[in-house]
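Just so it is clear, none of the values below were taken in a lab; they were calculated from the coordinates. Computed from a predicted model, the values in this text were never measured in an experiment. Ideal geometry is used to build each Cβ from the backbone, glycine not excepted, and the neighbour counts take in all protein chains shown.
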Amino acid sequence: MTYLLERVAQYVSALRGDRKAMVALVQRSLFVLAALVALLVVFRPGNRESAVVDYRDPTTWLSSSASGDVVQVNGATGDISARIEVGEARQQITAADVGGGAVAVNHSASSASLVDGASLTIANTVDLGGADARVVADEEIAFLVRGTTVQAVDPATLALSTPVDAEESLTGAAIDRDGTFWAVGLETGDIVRVANGELRRFNGPGDSAQADLTARAFVAVNGRAHLVDAEARQVRPVRSNGSLGRATCLTSRVEGVVMVGGSADDGLDADRVPAVTVVADGSTGTTQIAYVDEGRCASVGIGSPGDQLGAPVESQGVAFVPNYTTGEIVILDVASASVIARENLGTGRNSAFELFEHDSIVWFNDPNASIAAVLDRTGLVRRIDKLAAATAGDILGTAGDEVGVSAVDGTGTVPGDSTLPGNSGNVGNVGEPGDDPGPTLGGPDGSIADSADDPVDALPSSTTSSTLLPVAEEPVANTEPPQQAPPGPEPTPTTEATAEAPPNTEVTSTSSTSSTVPEAEDPLIADFDFSASLVREGQTVFFTDRSLGSPTSWTWTFGDGTTATGPTAQKAWEEEGRYTVTLIVDRDDETSRIQTEIQVLPEGIPVPPQANFTFSSATIEAGESVTFTDISTGEPTSWNWDFGDGDSTSGRPEVSHVFEEAGAFTVTLVVANDDGEDVASAVITVLDKVDKPDAIIQGDATATVGASVVFSSASTGSPTSHRWDFGDGNTAQGESVRHTFTEAGTYRVQLFVENSAGQDSDTLTVVVSEPVIKPVARFEANPTEVLEGQLVSFVSLSLNNPDTLEWDFGDGTYGSGPTVDHVYDDEGNYLVTLTATNSAGVDTAQARIEVEEGGEEPQASFSFTPKNPGVGQLVSFTDNSADGPTAWSWDMGDGTTKTVANPSHAYAAPGTYTVTLVVSNAIGVDSTTRKIKVRLPKPAASFRVEGLPGQIGEPLRFVDQSSNSPNAWEWDFGDGTFSTEANPVHTYSEPGTYTVWLTVFNASGSDAESMVIEVSPPAPVASFQFA
C-alpha cells in the first residue's frame, strides 16, 4: 500500500496539468488498488501464490503474434483486461510496457503503435518506412530504435521525441533509473548516451578496432547502467560523462553475441540481495554472475555446450535464464550461484519465448502461441491463456473506425511470418543488430528450424491446423526438460505457418492417475490437420494426426454419428450444416482431445479457391532452381505465378524457376475459378553463390610465454565457421581470437574454415620463447692496476642474456663482445663502461683502471707441460715473461706459429724441436728458446696367423700388425722355439694347443699380445692291399 501511495504521489507531481495523463493515473491507480484488495482476499496465508509473488502492479502488456494483438493481462487473477488489435494474425509483433500503456512494433507491417493505457485505444501509429525497429523499455520510459536513430516515448502523452541520429547501428542498449539511454556503436565501439533529446558519444574501452563489439552490452543493475565486455571478461559501471568505474570480473570469455540481465531496481535491501549482472553463455552452457558491489564473480552450469540461451532476467535475488534448446526456464539463486528450479511450460524444445521483469514480477510469454505465465523462484505461479475472452466490461479490439475483428473471432489459418527476433518485450534489447534471429516457430509443437536451409515444420496450406489452446486446469509443472518426439517425415515448406486454433476449436487433456507429466516423455497433446474447413456436400475432407507425445490410439467423431480410428481419416458429409470433428488420442493411462468445426455448404453455393503452394527450398544460391507446386483448395482452373524478380508464368499448377541473382524474392500465386480468386505468397531467399573457402592465418610467428597473441582469419570465400587449434591442447572459435601460451616451444597453430561449399585449413608455426627480461650489466677486470703498456683483460658477467655488449675503455677506444683485452699506452685513471642491451632494455656497469707511468722491456720466459710429450699429444705453453709483455709471437719449431700468451700445440712426428718465444711491450722486445723432445708412443702389439688351421709339418706364417712403429720383435711359439723376425714362418712337429706370444719394442717402451692356436695330426691317406 505504501508503494502504491508513493507511485500515486510521483505521478501527481509529474503529470500536474496534464488532464489526459491524470485520467490515466487515476484509472491505473484504482485498478492496482482493486488488485491489491483482491490479493488480500483471494491469496490467504498459506497460499503458495500469495506467499511467493510480490504483486505491486500485477498488469502488463503481452504481444500475441498468433492473433495480431497486444493484450493487457492481470498476473494476480489471470484475466485478460484488454485486447488491442495492432496487426493481422501471425504477423510478427513485440510489445513493451511504458507508463501503463504499451509500445507495440509490428515487424511484418513495419509500423509501431502506441497504446494509451487509460483509454485502451491506439493513441499514435508510426510508419517505420520499411525499416525494422526495436523497443528498449524500463517501466516508465521507452525508446524506439530504428536504423541509426533513437526516439524517446513520452509516458504521459505517448508522443515520440525528435529523432537523434547515432550515424551507426547500435547494440546492447539499456536504460538507467534517470531515463538515460545507453548503447554501444557497432562500427566505432563508442559509448552512446541519449538524455533529454541530446545524443553524446564517448570513447569505448580498449582497442575497438580489434574488439568483438557484439560482445559488449549495457545492462541496468539496480537502476545504474553497467557496460558488460564479455571479451575482456569484465563489468564496469558507467558515469554520466561516459567514464567507466571499477571493473568486476567475469569467469570466462563469452563467444558470440552477449546475452545479459541485471538486478531489477526494486528497492530491496542490498545487504540481503546482492546487486549482480547475469551473463548467459550458450557456448559453454553456463551462466556467469558478476557481483558488482563485491568485485567478485561466479559461474554455474545450467545446460549443455552449444545450447541457445536467451537474455537472463533478475528479480528479488533470483535469476531466470531461458534455454531455447531445451524449452526450459532455469531458475538460479543469485546469492549462492546455484540452480534452484527448472520450469518447462510445454513450449517444446528449440522454441522461442520471452522473459521479462515488470514491477518485480517475472513474466513468461510465447508470442506465437496463447500461453503466458507468472513465475517465481519455485517455477510456475499462474498460467494465462492470452486467447481467452476479455473480462466483462473490458475493451476488445481497436479504437475508432479501425476496430476490426479480434483474432480470437477469426477462423481458418492465415499465412504469415512466425519468427521472433532476438529478445522481445520488456527485456530491453529487442532484435539487436547481429543478434541470432532466435528460433523460428513452425508446427503446433513449436519446433524450429536451425537455419534457412532447414525450413520450419510448417503444414501445407491445403490443410488447416487446429493447434491446441492451453488446458483450463493448471497441471503440476514438470521440472525436467521434455524429450523430443520421434521425428516424422520431413515436411515440405509451404507458404503458410501453422496458426492458432480458431475460436470454435477446443482442446482438453486429462490423466486418470496424475496430472504430472512423466519425466521421460513429452506431454500428450492432441492436434490434427485437415484439408479444408469449408466444403460442399459430398466433398471429402482429409484428417491427419499431428499430436505430440506419441499416442498409441486415435478415435475420430465427425458430428453426424459416424466415427473412425487410426492416425488418418477422411469424411464426406452428404447434408449441409456445421459439424464438430473431435480427435481423442490415448497413451497408456493418458487421454487428450481436440475439436474443430467443418462447415458443409449445399451444392450450387459458390466456393472460391483458397490459394496455397509448396516449394522445394526456401533458401538457395544464385543460379539454382526452385520447384513450386500448387496445393490450393476449391478446384482452381487458372494459375498465375509471379517470381518477384521480373519473371512470371501462367497456366500450370507446377512450375520451376531459376533465380539468377541474390536477394529476397516474394513469389506470388494467383489462383481462380468461376467462383472467385485468391492469392498466396512466400519469400525465397537467394544467397550469393558460395565458393569453397581458402584458409589464411594472419598473426605473428613468434610469441612470448604469458603474453596474449592475436590470430586473425584473412580467409577468402566467406567462411561461416572459424575453428582454431593452438597446438597446445587449447582450441577456440571466431574470426579473430586471442591466445596465451604458457610454455616455451614450437607450436603448429591451425585454422579450420568451412562454408556450405566445403572446408579448408591453414597452419602457422609459432615459436614461443621465455619472456625477455631487461639485462643487468656486470663485468670483471684483471688487473685493475697496471703499468703503461700492460694488458688488461675484461670479462662480462652480465645477467638476463644481453644481445649486445659494448665496451668503452675510457681512453677514446672501444670494443665489443663478452671478453676483450686492452692496453693503455699512457698513465692515468680510466673509467671503463660496459653497456648490455636486449629487446627488454639497456643497463650499464662501470669500473676504474689505474695506469702508472714507467715499466721496462719484457724479460722473455716460458714453460711447457708435459716435459716428454708423445706424437699427437697436446702440449701447453705458458708465458712466464716479466715486466708486462703486451704481444707474443711463438715459433713451435715445426713451421707452426702462435700469437696468444698461452698457446697449446701437438706435434705430428717424433723429434727434437726448438721453440722460440718473442715478447714485446711499449718499452722493448725480448726473446728466448727451449728445446722439446717428442717421442713416439709406446707400441701396441698385434699380429695374425696365415695357414690356419695348423697341421703337423705344414708351415704357418706369423704377420706383425703392431702400431706405433715397433723396431724389435720377440716371438714365442709355445713349443720351445723363438724368433726375432718381424714376420717369421714356423712349422709344428707335434699336434696340440699352443699359446703364441709377440712382444714388440721401440724407444718409448714395449707391449705384448698372445694367441692360442690348434695344431692337428695330418689327415689319413686311404690305402689298402689285395692279393
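In loop segments of the stretch 515-607 as defined by DSSP, the GluC sites (Glu not before Pro) with at most 11 further C-beta atoms inside 10 Å of their C-beta are 519, 574, 575, 603. Loop-located trypsin sites (Lys or Arg not before Pro) in the stretch 97-198 (DSSP state not H, G, I, E or B) with no more than 15 neighbouring Cβ atoms inside 10 Å: 177.
Sequence-distant contacts, meaning Cα pairs under 8 Å at least 6 residues apart, place the relative contact order of the stretch 862-934 at 33 percent. Estimated from the Cβ-Cβ distance and a Förster radius of 41 angstrom, the FRET efficiency linking residue 666 and residue 246 is about 0.20.
Taking the stretch 159-236 as the region of interest, what is the percent of Cα-Cα pairs per 5 angstrom bin, listed from the shortest bin to the one with the maximum distance? Pair shares across the bins are 3, 16, 27, 26, 16, 8, 3, 1. Each of 680, 699, 666 was scored by the projection of its Cα onto the charge dipole of the stretch 658-701, and the greatest displacement toward the positive side belongs to 699; charges sit on the C-beta of Lys, Arg, Asp and Glu. Across the stretch 779-852, Cα pairs under 8 Å and at least six residues apart give a relative contact order of 35 percent. In a reduced charge model with +1 at each Lys and Arg Cβ and -1 at each Asp and Glu Cβ, the stretch 670-798 shows a dipole moment near 800 debye about its Cα centre.
When the Cα convex hull of the stretch 697-768 is projected onto planes of every orientation, the mean area is 4.1 nm². Among 920-930, 70-80, 761-771, the peptide with the highest mean count of other Cβ atoms within 10 Å heads the list, and the full ranking is 70-80, 920-930, 761-771. Ignoring lysines fewer than eight residues from residue 867 along the same chain, the ones with Cα atoms less than 20 angstrom from its Cα are 898, 931, 933, 938. Distance distribution note for the stretch 779-852: the fraction of Cα pairs above 16 angstrom is 44%. Here the stretch 697-768 is assigned +1 on the Cβ of each Lys and Arg and -1 on the Cβ of each Asp and Glu. Its dipole about the Cα centre then comes out at about 80 debye.
In the stretch 633-740, the convex hull through the Cα atoms has an average projected area of 10.7 nm², a quarter of its surface area.
Working note: Karplus 6.51/-1.76/1.60 with θ = phi - 60° gives the stretch 917-934 the couplings 10, 10, 10, 8, 9, 5, 8, x, 9, 8, 9, 7, 10, 8, 9, 9, 9, 10 Hz, where Gly and Pro are set to x. Computed over the stretch 50-186, the range of Cα coordinates on each principal axis works out to 47, 34, 25 Å, biggest value leading.
Based on alpha carbons, the Rg and Dmax found for the stretch 313-383 are 11.3, 35 Å.
Multiplying the residue separation of residue 816 and residue 900 by 0.36 nm and removing their Cα-Cα distance gives an extension gain of 28.3 nm. Dipole of the stretch 344-390 computed with +1 at Lys/Arg Cβ and -1 at Asp/Glu Cβ about the Cα centre; of 387, 347, 360, farthest Cα towards the positive end is 347. Couplings 3J(HN,Hα) of the stretch 862-872, computed from phi: 8, 9, 8, 8, x, 6, 10, x, x, 4, x Hz, in residue order, whole Hz [Karplus 6.51 cos²θ - 1.76 cosθ + 1.60, θ = phi - 60°; x for Gly and Pro]. In plain terms, if you count all Cα to Cα distances in the stretch 516-618 and split them into 5 Å steps from zero, the share in each step is 3, 11, 21, 19, 14, 13, 10, 6, 2, 1, 0 percent. Would you mind classifying the stretch 563-712 by shape? Square roots of the alpha carbon gyration tensor eigenvalues, ordered a ≥ b ≥ c; an a/c under 1.5 is rounded, otherwise it is prolate if a/b is larger than b/c and oblate if not. Judged from the Cα gyration tensor, the stretch 563-712 comes out oblate (a/c at least 1.5, b/c at or above a/b).
Applying a DSSP loop filter and a limit of 14 other Cβ atoms within 10 Å to the GluC sites (Glu not before Pro) in the stretch 274-356 leaves 294. Please state the shape class of the stretch 862-934: rounded when a/c is under 1.5, otherwise prolate if a/b exceeds b/c and oblate if not, all from the C-alpha gyration tensor. Prolate. If r is the Cβ-Cβ distance from residue 199 to residue 125 and R0 is 22 Å, what FRET efficiency results, to the nearest 0.05? Efficiency, from the Cβ-Cβ distance: 0.30.
Cα convex hull of the stretch 943-1016: mean projected area in nm², to one decimal?
Answer in nm², one decimal: 4.3.
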